[in-house]
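The values are calculated or read from the model by the stated rules, or taken from the named source; none is laboratory data. What you are looking at is a predicted structure, and each value in this text was computed from that prediction instead of being measured. FYI the Cβ positions are ideal-geometry reconstructions off the backbone, even for glycines, and counts take in every protein chain you see.
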Amino acid sequence: MEKLITVCKVGATRGYRTLFYDLSFSVNAGEILELRGENGSGKSTLLRILAGLTRPDSGSIDYSIGDSSSQNPSFYPVHFLGHQDGIKAQESVEAQIVFWTKFFGEDVSKVRPALERVGLWKRRDVPGRGLSAGQRRRLSLARLLVSYRPIWLLDEPLAALDSKGQDIVLEMMEEHTQKGGSVIAAMHGEGFKNARTINICAPSKAEFKANQLLDDLI
Ligand SMILES: Nc1ncnc2c1ncn2[C@@H]1O[C@H](COP(=O)(O)OP(=O)(O)OP(=O)(O)O)[C@@H](O)[C@H]1O
């Protein structure tokens, strides 16, 4: 099976805390991977590292497709949806998705189907400040639909959504994985069908020291 991402011995420290260390896994085409762990364990940090927004303190990440270091957004292999949705207060729903569509180098004909899919076409003239938390989430989700990226990095994608909104995400994820894409999602609560799970947790002191000694020897 085709590997889309290979994560090798990745570690992250924030302040004096090691969030995770020596984390290795790979994600195949068509696969959903859930990142689980308690609040503050480092799930969002790992997603941001995978998105190329911050560097790991150790280890490496290899994408087998696209070019994550490219300045050209059309070569970038991932979509990242974080907690902060990047929605502009003054701009209309439609203008914001038109912006992203052009930014990704896609045709604006993709805007209407994407907004219809997330249930926001009828609210296309509403400015960002007039959206509820769930509607803001739906607007962020529309970004996934206007440009194909094989890897979706989603931080709690079901948060703030009503049951209809959650169904839309589940359908989008199913279609995406059927096309050979993959999803890595930070999750609390009920998970996705057929997903693989990785628990993010800090190493014990003994584990950390043993790993460091091994690294020094190699
Ligand atoms: N820029 C930063 N500077 C210092 N500490 C940070 C920074 N970003 C995150 N942290 C700390 O890193 C830890 C992990 O944060 P992160 O947001 O990755 O956790 P999480 O597992 O996603 O949590 P949650 O389940 O609450 O969303 C937290 O203790 C947080 O305070």
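Report the residue count in the stretch 141-162 for those that are within 16 Å of the ligand (Cβ to nearest atom) and not hydrophobic (A, V, I, L, M, F, W, C).
Here the count works out to 3.
VAL98: aliphatic (A, V, I, L, M) and either modelled with pLDDT of 95 or more or closer than 23 Å to PRO127 by Cα (or both), yes or no?
Yes: the conditions hold for VAL98.
So which residues in the stretch 180-192 are in contact (Cβ under 8 Å) with a residue 12 or more places away in the chain and surrounded by fewer than 16 Cβ atoms within 10 Å (Cβ to Cβ)?
GLY180, HIS188, GLY189, GLY191
Which residues, taken from the stretch 116-160, are in contact with a Ser or Thr (Cβ under 6 Å, 6 or more places away or on another chain) and basic (Lys, Arg)?
Those that are in contact with a Ser or Thr (Cβ under 6 Å, 6 or more places away or on another chain) and basic (Lys, Arg): none in the stretch 116-160.
Please go through the stretch 90-123 and give me each residue that is within 24 Å of ARG48 (Cα to Cα) and among the aliphatic types (A, V, I, L, M), ordered by number.
Listed by number, the list holds a single entry, ILE97.
Within the bounds of the stretch 151-165, is there any residue that is buried (at least 22 other Cβ atoms within 10 Å of the Cβ), part of a helix (DSSP H, G or I) and at pLDDT 95 or above?
no
I'm checking my understanding of the structure. Among residues of the stretch 9-27 that are in a strand (DSSP E or B) and exposed (fewer than 15 other Cβ atoms within 10 Å of the Cβ), which one is nearest to the ligand (Cβ to nearest atom)?
Of everything passing the filter in the stretch 9-27, ARG14 is nearest to the ligand (Cβ to nearest atom).
Give SER60, SER41, SER68 a once-over and let me know the one that is assigned to a loop (DSSP other than H, G, I, E, B), at pLDDT 90 or above and assigned by the TED database to the domain that holds ILE200.
Going through SER60, SER41, SER68 in turn, the sole match is SER41.
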